[in-house]
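For reference, the structure discussed in these notes is given below.
The values are calculated or read from the model by the stated rules, or taken from the named source; none is laboratory data. All figures in this text were calculated on a predicted structure; none of them were measured in a lab. All Cβ positions, glycine included, derive from the backbone under ideal geometry; neighbour counts span all protein chains shown.
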Amino acid sequence: MKFLTGVFYSFPIQLVLVHAKKHHFLLLFWVFLTLLVTSTIGQHYGINYLYLDPEYLGEVDFLSFFIVGMALGGFLVTWNITAYILHAHRFPFLATIHRPFGVFMLNNSLIPLAFLGVYIYCLVSFQRDDEFASTQMVLSNVLGLVAGIVAIIFLAGTYFFQTNKDIWQILGLRREDEALDIQMTAAGENTLPSMLIWRVDTYLNTSLRPRIVRSVAHYDVAMLLKVYRQHHGNAVFIEVTGLVLLLGLGLLIDYEFFRVPAGASVLVLFGLLVALTGAFSYWIRGWRAAMYVALILGLNALMQHDLFKYANHAYGLDYETKPAAYTLERLDSLSSPAIRARDRAHWQGMLDEWAAKHPVSGGRKPKMVLINASGGGLRAGLFTTKVMQQADSLCHGRLMDHSFLLSGASGGMLGLAYYRQLAWLARQDTAINKNGVEHGDAMAADMLNPVFFTIVVNDLFFPWQHFEVAGREYRKDRAYIFEQTFNRSTDSLLNHPLAYFREAEARQEMPCMVLSPTIINDGRKCYISPHPVSWLTRPANVDRSLRQPQVDGIDFGSFYKNQGADSLLLTSALRMNATFPYILPNVALPSNPLTEVMDAGLRDNFGLETSTRFIHQFADWLNEHTSGVVLLEIRGHEQFEMIEDYQGQSFLDKVFSPVGNLIANWSEIQDYQHDFLIDYASEAMNGKLDVLVFEYTPAEGAEKASVSLHLTRRERYDILQATSSAQNRAEFQRLQAMGLGLGR
């Protein structure tokens, strides 16, 4: 019993209890990090990869983990500094011992050590199972992590041991000086209230030996507090260093060498937040809750002023000229019967170009292909690229010739746009292999690390660096880094304004492409194309309808003509089409009132609505000039998923399930609507509509790849294998049987 009591009142155990009772935010950071590294949260979007698979200069190795380890060591030191500032006064014996902060940090290591043990276990499991890393590589990564932690602790320890003073040093006395006790006793009338002192019987010294805590009742409280204040000053140096480091890295976001693993930058930010929150709590003490509320309200008020406002822009657009009027009257005027008829005539001219390239052969009309690609991060981008390569090979390289319209959302459209450009360039240069494996690697290249790194070191403060596109100035933020990273991976093949693609589409040297990000102000679609598409903004039979339907979309090119719509970079249009909340910033368009757009998947994650509207608008031409339309749908996830059991729901499940289930089932809800759209499109085509569905389905027993901007080796392998699933093989056979490669 005495042993258990001794353990209970040891300094390490009592520090854990102090954290559990006081200042819970010190524990919350460790809890959050533990949930991340155990993949309890963030796995669906690959955020756990920031720590389990950190990249630096395109590699996951000793160096990348060493940098993460250094950041983790820095966070550990800052966390201990903050805990020391907030809790050291509860343990006045610290001021009387040699190297008080070192002793405090050593005894305060139970929580960090528990996290580190969990982290290393998850790291080893992940690298072995998901990255197929060898034992030697796994060991190297673990050593890198530990070496980084040790290096920072050693540097911080050296600094604090040289600068922190104990009570003997403050008084200028030697530890063995007997006069010390006399001086302390004389001053001992002013002592700490016993209620503030937390009971501790033993502690570990810097030699890892247990020591008994001696009474400090005879020490002057003012003398003790002087020791702590001197330590606080040194702590501020560490905190300022962290802030300067983040701001410095923010200046260097263009240089890959300085883009440390995003997980490391997040840890530096966490350290800064811990330090600031700790300082705030230390100074305001009992007023914490009220001051936090006042701070939030104050920041909210400041953000309403132009000085603190920041909006992401679409690169190429002119934000200096008079903004476009976004009114119901203008929406109606740009979708009038005369304008829609004019734009349909323009597209019919392109249809005639397509028909001229596919003459009737053997009395049989050609088939037209419409391709839709779903969203789903790099998973959808890689899957779309590989499906297109395989499908085109089965069509003897003529799939793009038969395709007229491409549409879709998010990652799938990144892959589809990239392959369209490859196919167009390959036609001009036979040295280009559009079906090479390197193009799949390009679509799978990591973008998570540079985007998250930029969020932490740049966007969370205020993006103030600028760059130019066609003489127009824009801010550098995570959207800029996203496009730069994508261009680097794809050799900048898509880094051109919309006008660059107009002639090739008009001559049908490449299929037309329509992007459709969602306007979050009112839910309308923003149809982006080098060609006028007002016919997409209303139903086909609007002029015969008894009830006039609303305009549910805008023709971007016409609407923002005076704001330089033709100059919009395709990479920016693709980014607008793939703007997942928080990962990428919503894009503000130059209109009055200001409008913002985000991911096309909010309204149509598959692009099917665009294709079926096209069929309805040009059904007469299609029935006359083709033997039918093939809807080729490439899905980044299964169409039919298992029905979940709702029995045994917890209280929190019942509270959040109505909203959570709506979000989780959003794709399924769209699928139900799309079934009706396909049925109506088939009716418009007099039954001459074929639907081919290629979907990513993980192998049996395999975990589904994350919807992320990072793919592990296991995920890449699983996605590539999915193109050869039984269902997809059957669809490839159907495609091959259509004889598109034979000119029919």
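The table for this structure:
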item: Residue pairs meeting the criteria (Cβ under 6 Å; at least 6 apart or on separate chains; first over 13 Å from Asn458 (Cα atoms) and in a helix (DSSP H, G or I), in the stretch 257-272; second among the hydroxyl-bearing types (Ser, Thr, Tyr) and at pLDDT below 90); result: Gly271/Thr78
item: Hey, Met598 crowded, with 22+ Cβ neighbours inside 10 Å and either touching a residue at least 40 places away in the same chain (Cβ under 8 Å) or not basic (Lys, Arg) (or both) or not; result: no
item: Long-range neighbours under 7 Å by Cβ, at least six apart or interchain, first residue of a type in the set (Asp, Glu) within the stretch 377-406, second surrounded by fewer than 24 Cβ atoms within 10 Å (Cβ to Cβ) and outside any helix (DSSP H, G or I); result: Asp392/Asn435
item: Only listed residue being on the phi < 0 side of the Ramachandran plot, assigned by TED's automatic domain parsing to the domain that holds Phe75 and crowded, with 16+ Cβ neighbours inside 10 Å, chosen from Leu27, Leu15, Leu35; result: Leu15
item: Positions within the stretch 88-119 being farther than 24 Å from Gly69 by Cβ and either touching a strand residue (DSSP E or B) at 6+ places or on another chain (Cβ under 7 Å) or not in a loop (DSSP other than H, G, I, E, B) (or both), in sequence order; result: Ala88, His89, Arg90, Pro92, Phe93, Leu94, Ala95, Thr96, Pro100
item: Of the criteria (1) hydrophobic (A, V, I, L, M, F, W, C); (2) modelled with pLDDT of 90 or more; (3) under 30 Å from Gln127 (Cα atoms), which one Met685 fails; result: (3)
item: Selection from the stretch 434-458 of residues that are under 19 Å from Leu245 (Cβ atoms) and within 13 Å of the chain's Cα centre (by Cα); result: Asn449, Pro450, Phe452, Phe453, Thr454, Ile455, Val456
item: Filter result (among the hydrophobic types (A, V, I, L, M, F, W, C) and more than 20 Å from Tyr51 (Cβ to Cβ)) within the stretch 704-736; result: Ile719, Leu720, Ala722, Ala726, Ala730, Phe732, Leu735
item: Search result, residues across the stretch 327-350 that are crowded, with 20+ Cβ neighbours inside 10 Å and modelled with pLDDT of 95 or more; result: Asp343, Trp347
item: Among (1) outside any strand (DSSP E or B); (2) over 27 Å from the mean Cα position of the chain (by Cα); (3) buried (at least 18 other Cβ atoms within 10 Å of the Cβ) - the single one Ile554 does not satisfy; result: (1)
item: Subset of the stretch 418-430 [among the charged types (D, E, K, R) and either within 20 Å of Ser403 (Cα to Cα) or touching a residue at least 40 places away in the same chain (Cβ under 8 Å) (or both)]; result: Arg420, Arg427
item: Test: Gly381 is buried (at least 23 other Cβ atoms within 10 Å of the Cβ) and under 39 Å from the mean Cα position of the chain (by Cα); result: yes
item: Set Arg716, Arg734: member being within 22 Å of the chain's Cα centre (by Cα), at pLDDT 80 or above and closer than 30 Å to Cys395 by Cα; result: Arg716
item: Close pairs from the stretch 104-127: first assigned by TED's automatic domain parsing to the domain that holds Gly144 and crowded, with 17+ Cβ neighbours inside 10 Å, partner not in a helix (DSSP H, G or I) and not charged (D, E, K, R), Cβ under 7 Å, at least 6 apart; result: Leu106/Leu204; Leu106/Thr206; Asn107/Tyr203; Asn107/Leu204; Cys122/Thr38; Gln127/Ala133
item: Residue count, the stretch 407-430 (criterion: surrounded by 24 or more Cβ atoms within 10 Å (Cβ to Cβ) and in a loop (DSSP other than H, G, I, E, B)); result: 1
item: Qualifying position, being surrounded by fewer than 21 Cβ atoms within 10 Å (Cβ to Cβ) and more than 26 Å from Gln127 (Cβ to Cβ), among His89, His44; result: His89
item: Test: residue in the stretch 567-577 that is crowded, with 19+ Cβ neighbours inside 10 Å, in contact with a Ser or Thr (Cβ under 8 Å, 6 or more places away or on another chain) and assigned to a loop (DSSP other than H, G, I, E, B); result: no
item: Residue within the stretch 379-397 that is touching a helix residue (DSSP H, G or I) at 6+ places or on another chain (Cβ under 6 Å), modelled with pLDDT of 95 or more, of a type in the set (S, T, N, Q) and not in a helix (DSSP H, G or I) present; result: no
item: Residue match in the stretch 23-37 (condition: part of a helix (DSSP H, G or I) and either among the basic types (Lys, Arg) or over 21 Å from Val274 (Cα atoms) (or both)); result: no
item: Single residue of Val118, Val77, Val60 found to be under 29 Å from the mean Cα position of the chain (by Cα) and at pLDDT 95 or above; result: Val118
item: Members of the stretch 522-535 that are under 31 Å from the mean Cα position of the chain (by Cα) and either part of a helix (DSSP H, G or I) or buried (at least 23 other Cβ atoms within 10 Å of the Cβ) (or both); result: Lys525, Cys526, Tyr527, Ile528, Ser529, Pro530
